[in-house]
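A.B. asks: My questions will all concern the structure given below.
Bear in mind that the values in this text are calculations on the coordinates, not laboratory data. Keep in mind it's a predicted model, so treat the numbers as computed, not measured. Here the Cβ positions follow ideal geometry from the backbone for every residue, glycine too, while neighbour counts run over all protein chains shown.
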Amino acid sequence: MAEARDNVLDVETLSIALRQDDATVPIVEDISFSLARGEVLALVGESGSGKSLTALSLMQLLSKELAITKGRILLHAADGGVTDIVGLGANGRAIEAIRGRRMGMIFQEPMSSFSPIHTIGAQIAEVAMIHEKVTREEARRRAAELLAKVGIPDPVRALDRYPQEFSGGMRQRAMIARALICGPGLLIADEPTTALDVTIQSQILDLMRKLKNELGMAILFITHDLGIVAQMADRVAIMYSGRIVESGPVRDIFRRPVHPYTRALLEAVPRLGDIDRHRKIRPIAGSIPNIFDVPQGCRFHPRCPAAQLPRCAEAPPPRYDAGRHHVSCIHGAEELGR
Amino acid sequence: MSDLLTVSNLSVRYPSREKTGWGKPKSYVSAVDDVSFSIARGETLGLVGESGSGKTTLGLSVLRGVEPSAGRIQLTLPRGTLDVTALSSKELRRARRHFQMIFQDPYASLNPRMTVRDIISEPLIAQRGLGESLDRAMINARVVDIAQRCGLSRDQLRRFPHAFSGGQRQRIAIARALVLNPDLVVCDEPISALDVSIQAQILNLLAELQESLGLTYLFIAHDLAAVAYVCDRVAVMYLGQIVELGPTRSVYFTPKHPYTEALMSAVPEPDPDATLRPILLQGERPDPSNPPSGCRFHTRCRYATELCATAAPTLREVANGQFAACHYATELTLQGAQDLRERKDERVAV
């Protein structure tokens, strides 16, 4: 797993389970990925695939009923130090020193992630004051600087405004400013543009790209939108029902997808260019499995056009690798070899 | 093809929440402002625009789900023309079998305490209450038939909505809308609450039903690629007005309004080799209760001149069947969806 790369994050065989009465229900199983400095990894999946839970677990923000049951989350510092987030637990100084400082997070709904009774400036400055023990004046100065950087007009006056006075796009910019004030090495973005209009979405994506190049941070981008993936990501990991089914460089995933789910997903999305090409979109039959009643073996086999029964229904599919392209499917060996 | 729906000079105003001392609203927001268009029988007209552009209000007002404050809505039926705006509330209820709606959120639009059979048959029972002669056997046959066309089996009719996934719930909502055999169906963001793999099922289902039942759709969506996939013509709305209207291909590939151009450029293409060159619009959408003078888009338009700030352009035909509300529609050379995506490589993905 340890590659000779300048990694910021290594997630190794992470599993998350839901505790219910005396049983535990696995929700995310055995997922592994890594992120290098300055790299954008897109975690793609439909609702219920476990992508948001994975993101929350990186910051130990899972709700009480959920717990990490296995695996390691290794966060690398610039000086070579390594911290295992899983070992830190969900409370206490150790994890608090990491949240917001070495990892920033932005969410889908910017209204619910700001408090309505404090000003934007106070909520951004607070992060620097807690983590870096700077004075209020210094923190405000830095907050204003960041608001200017994320493109908020008249940043000094904006500090004293309340979140509800901002439009959706402006709030999302302010949230990015708050996530970046301590200069984290990793930014986790959970569907940051899903609630926004397309023209505002393209402003925010453009901003994130610029900031990444300028500050050199890694971004874990969680989304279901394959268009955003193609435009933003260096690498992609596709999740289905709590497992990563395929991962690899973005061009490999879009040009030579191997897993039948990845292929089906790409064929199910209409594209602007389709008007002339008379390409028909092909839906994926059936629906996403209920987490309490998942199929045995490969989770995708009941919907899979290439399933081989009973093989696919008996055991989880083997994983195959070709360079940095990984796939978990019985057809992986011959398909990756092509 | 003859027109089924004709909308002329339609406006919808909402009163503001602030009241004067006399209890009257201080101001009004024009959610839809002087909009005219028509839809031919069997056609799908797409209505696109960003949040707050008035597309949902327009969709609702066509069915008189909200009352228009001005304008006229006419349905041309084989038996004669129906002036929807002039109907009394009782006549309106009877007329509703000609036009139905499919909503965005199938979790909110189905009554959790009714079985699927009851949900789908409810419109028929309501029409029977209005004097339609329908016996139980006829209702039953009709419900089973439409449910099957929508991909629901006979035993699923006994179940309650909670037993179904989002995609199946949307099938139930579609069956309910179609059980009266309507002429016009307003689809308000019918796929945006669904997962990617399910969206395609619903888009294809809507297309099949249109063909087999001869339906006419007003298809409201913000997903421009989905609209391109299902619509014959597209209307683009900005701040309560239609700024461009025309055949899908023309609007997407040779837009005549700068807002359409910006909208097309903003859609991320699911292809890592397509370099997107988004036209980043300045600022945010203006407050609809206080729209800019002249052309409403001039504050964010990169081609705007002094004329645009003072004179409001009207929607006029600028190419064959293509209408745009821009003073410079015939002078500007705007980029279409294909020009805004540079392909490094011409291989087609997948």
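A.B. asks: What do you get when you divide the Cα radius of gyration of region A:16-150 by 2.2 N^0.38 Å, with N the number of residues?
C.D. replies: 1.21
A.B. asks: Quick check for me: using +1 on Lys/Arg Cβ and -1 on Asp/Glu Cβ, what's the dipole size of chain B about its Cα centre, in debye to the nearest 20?
C.D. replies: 1320 debye
A.B. asks: Could you let me know the centre-to-centre spacing of region A:135-171 and region B:1-48, using Cα atoms, in angstrom?
C.D. replies: With region A:135-171 and region B:1-48 each reduced to a Cα centre, they are spaced 37 Å.
A.B. asks: So for A:TYR261, B:TYR303, B:TYR328, fewest C-beta neighbours within 10 Å to most, what's the order?
C.D. replies: Working: A:TYR261 24, B:TYR303 15, B:TYR328 19.
Ranking A:TYR261, B:TYR303, B:TYR328 by Cβ neighbours within 10 Å, fewest first, gives B:TYR303, B:TYR328, A:TYR261.
A.B. asks: Another question, if that's okay. Under 11 Å from the Cβ of B:SER197, count the other residues' Cβ atoms, weight Lys and Arg +1, Asp and Glu -1, and hand me the total.
C.D. replies: Combined, the nearby Lys, Arg, Asp and Glu give -1.
A.B. asks: Can I ask one more? Along the principal axes of its C-alpha atoms, what lengths does the protein assembly as shown span, in descending order and rounded to whole Å?
C.D. replies: For the protein assembly as shown, the Cα spread along each principal axis is 79, 67, 55 Å.
A.B. asks: What shape does region B:172-214 take by its C-alpha gyration tensor, where a ≥ b ≥ c are the square roots of the eigenvalues and a/c under 1.5 counts as rounded, a/b above b/c as prolate, and the rest as oblate?
C.D. replies: Here region B:172-214 falls in the prolate category.
A.B. asks: Let me ask something else. Determine which aspartates and glutamates satisfy two conditions relative to A:LYS280: a Cα distance under 15 Å, and not lying fewer than 8 residues away in the same chain.
C.D. replies: The qualifying aspartates and glutamates are A:GLU267, B:GLU208.
A.B. asks: In addition: Using +1 at the C-beta of Lys and Arg and -1 at the C-beta of Asp and Glu, which of B:ILE174, B:ALA228, B:THR216 has the Cα lying farthest in the positive direction of the dipole of region B:166-307?
C.D. replies: B:THR216
A.B. asks: Which of the aspartates and glutamates could a cross-linker span from A:LYS210 if the Cα-Cα distance has to be under 17 Å and same-chain partners fewer than 8 positions apart are dropped?
C.D. replies: Candidates past the 8-residue exclusion: A:GLU39, A:GLU145, A:ASP234.
A.B. asks: Using the count of nearby Cβ atoms within 10 Å as a rough guide to exposure, how do A:MET129, A:MET170 rank from fewest to most?
C.D. replies: By the 10 Å Cβ count, ascending: A:MET129, A:MET170.
A.B. asks: Right, something else. Provide the net charge surrounding A:GLY185, with neighbours chosen by a C-beta distance below 12 Å and charges set as Lys +1, Arg +1, Asp -1, Glu -1.
C.D. replies: Net charge in that neighbourhood comes out at +1.
A.B. asks: What value, in deg cm²/dmol to 500, does the helix sum -39500 (n - 2.57) over DSSP H runs of n ≥ 4 give at 222 nm once divided by the residues of chain A?
C.D. replies: Result for chain A: -9000 deg cm²/dmol, rounded to the nearest 500.
A.B. asks: In terms of the Cα gyration tensor, with a ≥ b ≥ c the square roots of its eigenvalues, is region A:98-163 rounded because a/c is under 1.5, prolate because a/b exceeds b/c, or oblate? All intermediate terms of the calculation are to be shown ahead of the outcome.
C.D. replies: Values: a/c = 1.44, a/b = 1.03, b/c = 1.40.
It comes out rounded by the Cα gyration axes.
A.B. asks: For region A:87-103, what does the Karplus curve 6.51 cos²θ - 1.76 cosθ + 1.60, with θ = phi - 60°, yield as ³J(HN,Hα) per residue in whole Hz, taken in order and with x for Gly and Pro?
C.D. replies: x, 7, x, 8, 10, x, 4, 4, 6, 5, 6, 9, 4, x, 9, 9, 9
A.B. asks: Of the options B:LEU10, B:PHE160, B:VAL196, report the single residue whose Cα projects farthest towards the positive end of the charge dipole of chain B (beta-carbon charges: Lys, Arg +1; Asp, Glu -1).
C.D. replies: B:PHE160
A.B. asks: Treat the count of other C-beta atoms within 10 Å as a stand-in for reagent exposure and order B:LEU263, B:LEU92 from fewest to most.
C.D. replies: So the ranking, lowest neighbour count to highest, is B:LEU92, B:LEU263.
A.B. asks: So which aspartates and glutamates can B:LYS24 reach, going by Cα to Cα under 20 Å and dropping same-chain residues fewer than 8 places off?
C.D. replies: B:GLU67
A.B. asks: Also: Please state the charge dipole magnitude for chain A, taken about the Cα centre, from unit charges on C-beta atoms (+1 on K and R, -1 on D and E), reported in debye and rounded to the nearest 20.
C.D. replies: Dipole size: approximately 500 debye.
A.B. asks: Suppose we take every Cα in region B:3-231 and form the convex hull; what volume per residue is that in Å³?
C.D. replies: In region B:3-231, the Cα convex hull volume per residue is 145 Å³.
A.B. asks: Determine the gain in length on full extension of the stretch A:ILE117-A:GLN296; use 0.36 nm per residue of separation and subtract their C-alpha separation, reporting nm with one decimal. Mind dumping the intermediate values first?
C.D. replies: Working: separation 179, 0.36 × 179 = 64.44 nm, distance 4.89 nm.
Separation in residues times 0.36 nm, less the Cα-Cα distance, equals 59.5 nm.
A.B. asks: Once you have a ≥ b ≥ c as the square roots of the Cα gyration tensor eigenvalues for region B:254-343, tell me rounded if a/c is under 1.5, and otherwise prolate or oblate according to whether a/b is larger than b/c. Walk me through the numbers on the way to the answer.
C.D. replies: Details: a/c = 2.48, a/b = 1.48, b/c = 1.67.
Note, shape of region B:254-343 comes out oblate.
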